[in-house]
Amino acid sequence: MAESAAAGDSPTGPLVVLIGPPAAGKTRVGKRVARILEAPFIDTDRIIAAEHGPIPAIFAERGELAFRKIEADAVEEALQQRAVVSLGGGAVMTPSVAAGLASAPVVLLTVSADAAAERLDPETRPLVREGIGAWVDLVATRMPTYISLASATWDTSSRPIDRIAEEIAEWTRERAVSAGGS
């Protein structure tokens, strides 16, 4: 992806990419940011499910490695679009995905364990079926990667989602203006 695509002044490439742990609100926030920016919204987990079936079934029938390959392909395609893009929590752990984000505007959404416990549905999250303890371990493993890729971070634990979305949209606009030299 060209540098100008990440800067927001090119017709291709994401406006902003949302990453973070399961239950951080990437889909909820992303939809709102897209609405504010009057841009398309792409949720790579939803694309995968629409094309390949439920993610828990992919894990159960084909394994995590097969899922990660499908996911990497979906992310690569999404990053070519002029959109607000939400990635699955583990997508960034695939080296090709992380490399694809190197020049993109990336927002890390974080969430406390207490808030995540209220939001998590272990039936739809194959890597956290054992509950919040598994989530805490998963997040501890992934957080260094999340932080290394993030251009900015917002915590979604207790603040209103609409306010967070407004702030991210404003941040996205400011990045586009400053990158364009306007």
What is the Rg over Rh value, at two decimals, for segment 3-167, using alpha-carbon atoms and the Kirkwood definition of Rh? 0.94
Could you give the nm distance between label points at Glu76 and Glu51, where each point is 7 Å from its Cα heading toward the beta carbon? 1.1
1/(1 + (r/R0)^6) with r = Cβ-Cβ of Leu65 and Ser178, R0 = 35 Å, i.e. FRET efficiency to nearest 0.05, evaluates to 0.30
For Ala152, the residues 5 or more places away or on another chain with a placed amide H closer than 5 Å to its own amide H are Val106, Leu108
Working from Cα positions, state the angle (0 to 90°, nearest 10) between the long axis of helix 64-78 and the longest principal axis of the chain. 20
Using a Förster distance of 22 Å, the FRET efficiency for Ser96-Thr153 (Cβ separation, nearest 0.05): 0.40
What do you get for the angle between helix 132-149 and the principal long axis of the chain? Use alpha-carbon atoms, 0 to 90 degrees, nearest ten. 30
Counting helices only, and only those DSSP H runs with n ≥ 4, report the 222 nm mean residue ellipticity of the chain as the sum of -39,500 (n - 2.57) divided by its residues, in deg cm²/dmol to the nearest 500. -16500 deg cm²/dmol
Starting with the fewest neighbours, write out Ser178, Ser112 ranked by other beta-carbon atoms found within 10 Å of each beta-carbon. Ser178, Ser112
Degrees separating the helix 26-37 axis from the principal Cα axis of the chain, which is the longest one: 20
For Ala83, list long-range residues whose amide hydrogen, built 1.01 Å from N in the peptide plane, is under 5 Å from its own amide hydrogen. Leu15, Val16
So what are the ³J(HN,Hα) numbers for segment 103-116, from phi and the Karplus equation (6.51, -1.76, 1.60; θ = phi - 60°), rounded to whole Hz, Gly and Pro as x? 10, 8, x, 10, 10, 8, 9, 10, 7, 6, 4, 4, 5, 5
What ³J(HN,Hα) values, in whole Hz, does the Karplus curve 6.51 cos²θ - 1.76 cosθ + 1.60 give for segment 87-101 when θ = phi - 60°, with x put for Gly and Pro? 9, x, x, x, 4, 5, 7, 7, x, 5, 5, 4, 5, x, 8
Point-charge dipole on Cβ atoms (K/R +1, D/E -1) for the chain, about Cα centre, debye to 20: 120
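Coordinate-derived values only; no laboratory data. Model, not experiment: these values are computed from the prediction. Note: ideal-geometry Cβ built from the backbone for every residue, glycine included; neighbour counts use all protein chains shown.
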